[in-house]
Amino acid sequence: MNFASDNWAGAAPRVLEAVARVNEGAMRAYGGDEVTARVKARLCDVFERDLSVFLVVTGTAANALSLATLAQSWRSVLCHAEAHVVDVECGATEFYSGGAKLVGLPGVGGKVPLEAVARHLAVPRRVPHQMIPAALSLTQSTELGTVYSVDEIGALAELAHAHGLGVHLDGARFANALVRLGATPAEMTWRAGVDILSFGGTKNGCIAAEAVIVFDAERAGHIAERRMRGGHLLSKSRFVAAQLESYLAADHWLDLAAHANAAAARLAAGLARLGIRIPLAVEANQIFPILPAGVDAALRAAGAAFHPWTTASLPEGTAIGEDEVLVRLVTSFATRDEEVDRFLAVAAQGMREVNAV
Ligand SMILES: Cc1ncc(COP(=O)(O)O)c(C=O)c1O
Ligand SMILES: C[C@@H](O)[C@H](N)C(=O)O
């Protein structure tokens, strides 16, 4: 029962097959191959416009290269206080940008509130003593399993652009959000004002495949050089491109995300029926339930893999008792029905025992 992370899942079989298929013969290296060219063309189709595309193999690289492109070393980047970029990338953005400062803003459910951005931007800052924001980074779907609406992204981007900021979307779980909204990739990105996207495939069925997508060539800056000097230009790019080519073939990527989202929805509904509190909306493939300690212990004893979680982004007034624990459950394209059923059965037995005390 893997609910620890979608990073723990393997790769979708069709992705693995696609990598083997491109192994025949010699191809130009460093992105000069025909597979990389096909994927770039496919992404232009998916996003309905010309794009600048830079393949990498980690979401951290995609984020750091994107934000280093938007923010010079003496500038700041606004993001959520618990955004991956500020909290668990070991300063990658600061490193690749040469020192840009990430400024985390509080918001329920991992979402940056428009008013928090407005308040921050309204405060005059003294150059050169203080850093001026150069970018706003949003995570879609968020680290707390929620999703920005297209209108929310549009309002945040409009405010950011009005103050000269570029807008980045951390799309490590892009497909999960897209399926949730039923929007088009263009509607959820450049049409809403996003300038640079970290397009993630790894958490949703790829082996290791991400793309920095720049919607306005003017903003591509020196990503190519940054990627090279950062050690993220793969010599055998065909093997990353093959993953994304399979991923983006027809609706494969959307089907993979839909499966993960549906498994999360079913698991959340089952837990709620047992009387287990889930303080945040389940809008993608992550659930944050508050488990009685006895249920948590029973699930771990039954072999369920998941992590305890701490966050400051729960709705005001959410109480977690001394005999309760907040946990994070993550589903993926590989989550099997029987895993969900087993988890719910053990949780139900645990709740019976807790309630019997
Ligand atoms: C929201 C988010 N962004 C970025 C990343 C970074 O991806 P990677 O671990 O491939 O560097 C992760 C990792 O899971 C993530 O959850
Ligand atoms: C680092 C950890 O948070 C990882 N990004 C995950 O979502 O599982």
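The values are calculated or read from the model by the stated rules, or taken from the named source; none is laboratory data. The model shown is predicted, which means the values in this text are computed figures rather than measured ones. Positions of Cβ are backbone-derived with ideal geometry, glycine not excepted, and every protein chain shown enters the neighbour counts. Heads up: the accessible areas ignore ligands, DNA and RNA and are worked out on the full protein's heavy atoms, side chains in. Shrake-Rupley method; radii C 1.70, N 1.55, O 1.52, S 1.80 Å.
Worth pointing out:
- Qualifying residue in the stretch 267-287 (condition: open to solvent by less than 10 Å² (accessible area, probe 1.4 Å), over 24 Å from Glu338 (Cβ atoms) and more than 19 Å from the chain's Cα centre (by Cα)): no
- Check on Cys90, out of contact with any strand residue (DSSP E or B) (no Cβ under 9 Å at 6 or more places or on another chain) and within 15 Å of ligand 2 (Cβ to nearest atom): yes
- Residues of the stretch 311-330 that turn out to be open to solvent by less than 40 Å² (accessible area, probe 1.4 Å), touching a helix residue (DSSP H, G or I) at 6+ places or on another chain (Cβ under 8 Å) and more than 16 Å from ligand 2 (Cβ to nearest atom), as a count: 2
- Members of the stretch 211-260 found to be hydrophobic (A, V, I, L, M, F, W, C) and in contact with a strand residue (DSSP E or B) (Cβ under 6 Å, 6 or more places away or on another chain), listed by number: Ala211, Val212, Ile213, Val214, Ala217, Ala220, Ile223, Val240
- Residue within the stretch 48-57 that is at pLDDT 95 or above and within 16 Å of ligand 2 (Cβ to nearest atom) present: yes
- Residues located in the stretch 58-72, provided they are open to solvent by 40 Å² or more (accessible area, probe 1.4 Å) and either within 14 Å of ligand 1 (Cβ to nearest atom) or touching an Asp or Glu at 6+ places or on another chain (Cβ under 9 Å) (or both): Thr58, Thr60
- Of all residues making up the stretch 140-182, the number that are touching a residue at least 60 places away in the same chain (Cβ under 8 Å) and within 16 Å of ligand 2 (Cβ to nearest atom): 13
- The helices (runs of 4 or more DSSP H) found wholly in the stretch 1-116 and carrying at least 2 residues that are over 26 Å from Ala224 (Cα atoms) occupy 13-21.
- For Gly99, the conditions (1) touching a Pro at 6+ places or on another chain (Cβ under 9 Å); (2) more than 16 Å from ligand 1 (Cβ to nearest atom) are fulfilled apart from (1).
- Helices (runs of 4 or more DSSP H) contained entirely in the stretch 151-265, each with at least 3 residues that are closer than 22 Å to Leu67 by Cα: 174-181, 185-188, 223-229
- Some residue of the stretch 331-340 being more than 16 Å from ligand 2 (Cβ to nearest atom), part of a loop (DSSP other than H, G, I, E, B) and farther than 17 Å from Ala293 by Cβ: yes
- When the test is whether a residue is in contact (Cβ under 8 Å) with a residue 40 or more places away in the chain, of a type in the set (S, T, N, Q) and away from ligand 2 (no atom under 16 Å from the Cβ), Ser76 passes it.
- Being open to solvent by 20 Å² or more (accessible area, probe 1.4 Å) and either more than 23 Å from Phe333 (Cα to Cα) or within 16 Å of ligand 1 (Cβ to nearest atom) (or both) is true of His129.
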